[in-house]
Amino acid sequence: MTPSFSHTSANTKHAAPSTLAGTAAAPIHGAGAAGAGSALRQRRAGRPRVRFDGIDLAILNQLQNDCEITNAMLAQRVGISPPSTLERVKKLVGSGIIKRYVALIDPVMVDKSICALVHVTLREHGERRLQEFKDAVQRFEEVQEAWHTAGEEDFILKVLVTDMTQYETFIVHKLSMAPNIGRIRTSFALSTIKEETRVPLDAVGPDAVGFAEGK
């Protein structure tokens, strides 16, 4: 069966991975990073039952705002000693709260100005067939993010390309060759209205609803 295609234009954003950091005299990009991968693999499904005190929240807010902050400056801003600050950052990394440290690159500056949201519907929806498609998507460097969704379509892919020729190559010679493709529908971003990497922390503070003592 040949996959069906449709294309429309729509506004969307070029979202990017979170950027974090901070050490005593230099950025602490490596603080506890070695343990982050194993911690992420051990995360429970669903909402994690975590709660932070005010200092943890202040550290996370500072790190989300400024990738280049030093540990000394971070400690000064949150009001504790540099060793205590570094230890807290290491725990946040080790627990998987801080996923990784990255540099955010402007796609336009590296000639990746076309952002497409590609909606994919599969023909079959068994566990094995879903996993086959997920594995295929992991190999496509054009795909920046991929979501398994509820609704009319099964997956939404955020794709960055240089031009329509590269987009056509991706669709025809890569995505449509993935197993179990039923239908492909694409929307193109006309402009970026909002771009944010910061994750809101209102649900994990000391006063967050549902985090009373004993729960």
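Each residue in the stretch 180-205 was checked for being exposed (fewer than 14 other Cβ atoms within 10 Å of the Cβ) and more than 21 Å from the chain's Cα centre (by Cα), and 1 of them qualify.
For the structure I just gave you, tell me whether Pro206 is under 30 Å from Asp56 (Cα atoms) and in contact (Cβ under 8 Å) with a residue 40 or more places away in the chain. So Pro206 passes the test. I'd like to check something: does the stretch 75-83 contain any residue that is hydroxyl-bearing (Ser, Thr, Tyr), under 28 Å from Val199 (Cβ atoms) and assigned to a loop (DSSP other than H, G, I, E, B)? The answer is yes, given that some residue of the stretch 75-83 is hydroxyl-bearing (Ser, Thr, Tyr), under 28 Å from Val199 (Cβ atoms) and assigned to a loop (DSSP other than H, G, I, E, B).
Checked against (1) more than 30 Å from Asp66 (Cβ to Cβ); (2) more than 19 Å from the chain's Cα centre (by Cα); (3) of a type outside the set (A, V, I, L, M, F, W, C), Thr149 passes all but condition (2).
Taking the criterion of being assigned to a helix (DSSP H, G or I) and closer than 16 Å to Met177 by Cβ, the residues of the stretch 103-135 that qualify are Arg129, Glu132, Phe133, Lys134, Asp135. Within the option set Ala150, Ala136, being among the aliphatic types (A, V, I, L, M) and surrounded by 14 or more Cβ atoms within 10 Å (Cβ to Cβ) holds for one residue only, Ala136.
Bear in mind that the values in this text are calculations on the coordinates, not laboratory data. The model shown is predicted, which means the values in this text are computed figures rather than measured ones. No Cβ is skipped: glycine too gets one built from the backbone with ideal geometry, and neighbour counts run over all protein chains shown.
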